[in-house]
Amino acid sequence: ACNGADSKVASQAQPKPAATGTPYSDGVRRVTIEELEALTKEGKAVVVDVRSQDAYNSGHIPGAKLIPLDDVGTRYKELPREKLIITYCS
């Protein structure tokens, strides 16, 4: 998770869902490793690594596309509109 608060949430009881339907105040859906594997295997999702090139080179999720966070605004057209976009940064 990109937000240090997420690790605290994981170790506590799940918070109540926010108005957006997710248990996180930012409203962003989280997926489990099992969900990630199933969604990518079924071709329903694309994994995007938003870390630096060096971090990506040191290890990444197999098949993940590297688009550093600072580049997302200019490279978003590289992403398919019909699939779930799963990003990660750690």
Next on the checklist: Name the residue that is least open to solvent (accessible area, probe 1.4 Å), counting only residues in region 57-78 that are farther than 18 Å from residue 90 by Cβ and of a type in the set (Lys, Arg).
Outcome noted: 75
Checklist outcome for this item: For region 16-46, the count of residues that are part of a loop (DSSP other than H, G, I, E, B) and either at pLDDT 90 or above or open to solvent by 50 Å² or more (accessible area, probe 1.4 Å) (or both) equals 15
Checklist entry - When you look at residue 54, is it modelled with pLDDT under 95 and either open to solvent by 60 Å² or more (accessible area, probe 1.4 Å) or of a type in the set (A, V, I, L, M) (or both), yes or no? => result no
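The values are calculated or read from the model by the stated rules, or taken from the named source; none is laboratory data. None of these values were measured; they are calculated from a predicted model. Here the Cβ is made from the backbone with ideal geometry for all residues, glycine too, and neighbour counts use every protein chain on show. Remember, those area values only see protein heavy atoms, side chains included, never the ligands or the DNA or RNA. Shrake-Rupley method; radii C 1.70, N 1.55, O 1.52, S 1.80 Å.
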